[in-house]
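Shown next, in C-alpha cells, is the structure this report addresses.
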Amino acid sequence: MPYLLAWDGTLRLVVSEARIRRAFRPGFVLDDGVVGEAIERPGPRRFIFIHPDRFAQVVKAHRERPLAIAAFLHGIAVHELTHLDGRMGLGHDESFVAAREDLGAATAHLLPAIAVLVSKLLRLPEAASEDARRAAKLERQLDQARRSVKEQRSKIAALERERERLRGAAAPAARGGLDAERLLDAAAAALRANPPAGVDAEYVDAFLARRRGELVGVVRGAFAR
C-alpha cells in the first residue's frame, strides 16, 4: 500500500502542476515487459500503472537517495501522463516525444517534493540536515573546550599552590617549628584523599586556591595562641 500511495501521490503532483483534467486511477501492472502503462477501458475508465517489482528494486538500490527514487517515479509518471493527456494508443511519434519532454521540464521542480513524499510513505532513512550536522560539530567543539578549561583550572590551582608554598618557605617558621603552609597542604591532601559526601578533589583545590591566604592566617593565628 505505501508503494501505491507513493505512485498515486507522484501522479497527482504532476497532474496538478500541469493542469491535466482527465480522470484516472493509479495501479500496478504485472507484465514484466513494461515498467509503466496507461490504458483506457470503456466508460471511459483510465488507469496508469507502474510495475511494483521494478519500483521496489529502485527503492532498494537507492534507500539513502530519495531524490533518485523521485526521479524514477517522475520519469514514468511524465511518460504515462503524456499518453493520458489526449494521446492514448497513439504510440511514441515525434509529437508525443516533444509533449513528454515539455511536461517533464515543466514539472521537474517537483522532484524534491516527490522525494519527501517517498521518504515519508516508505519510511526511508532521513539524511541529517545541514543544521543538524553543524549542531553536532558545535557540540563536539564545546566538549573539547570544556575539557580544556578544566585542565587549565587544575594547572592554575597547582601553580598557585606552588607559589604559596614558596612564599611560606621564605617566612619565619611558626611556633614549635610547624609551618602553616605545610600544615594547610597536609590537611588539604587528607581532605582530597577522603572527601565528605558531595565534595570532590577539584572542589577542594578550587576552594583552597581562593581562600588560601585566609586559611594560612587562621592556622598561624592558632599557632600564636
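The values are calculated or read from the model by the stated rules, or taken from the named source; none is laboratory data. What you are looking at is a predicted structure, and each value in this text was computed from that prediction instead of being measured. We place every Cβ from the backbone using ideal geometry, glycine too, and count neighbours over all the protein chains shown.
On inspection, Arg12 qualifies as within 19 Å of Leu117 (Cα to Cα), part of a helix (DSSP H, G or I) and charged (D, E, K, R).
Somewhere in the stretch 74-96, is a residue in the same structural domain as Val118 (by TED's automatic domain parsing), part of a helix (DSSP H, G or I), over 41 Å from the mean Cα position of the chain (by Cα) and among the aromatic types (Phe, Trp, Tyr)? Among the residues of the stretch 74-96, at least one is in the same structural domain as Val118 (by TED's automatic domain parsing), part of a helix (DSSP H, G or I), over 41 Å from the mean Cα position of the chain (by Cα) and among the aromatic types (Phe, Trp, Tyr), which makes the answer yes.
Provide a single number: the residues in the stretch 185-224 that are farther than 14 Å from Ala157 by Cα and touching a Ser or Thr at 6+ places or on another chain (Cβ under 9 Å). Qualifying residue count for the region: 0.
Checked against (1) assigned to a helix (DSSP H, G or I); (2) surrounded by 11 or more Cβ atoms within 10 Å (Cβ to Cβ); (3) aliphatic (A, V, I, L, M), Leu142 passes all but a single condition, namely (2).
Quick test for you: out of Asp53, Asp31, pick the one residue that is assigned to a loop (DSSP other than H, G, I, E, B) and within 28 Å of Leu122 (Cα to Cα). Reasoning before the result, please.
On the way: Asp53 fails: assigned to a loop (DSSP other than H, G, I, E, B).
The match here is Asp31.
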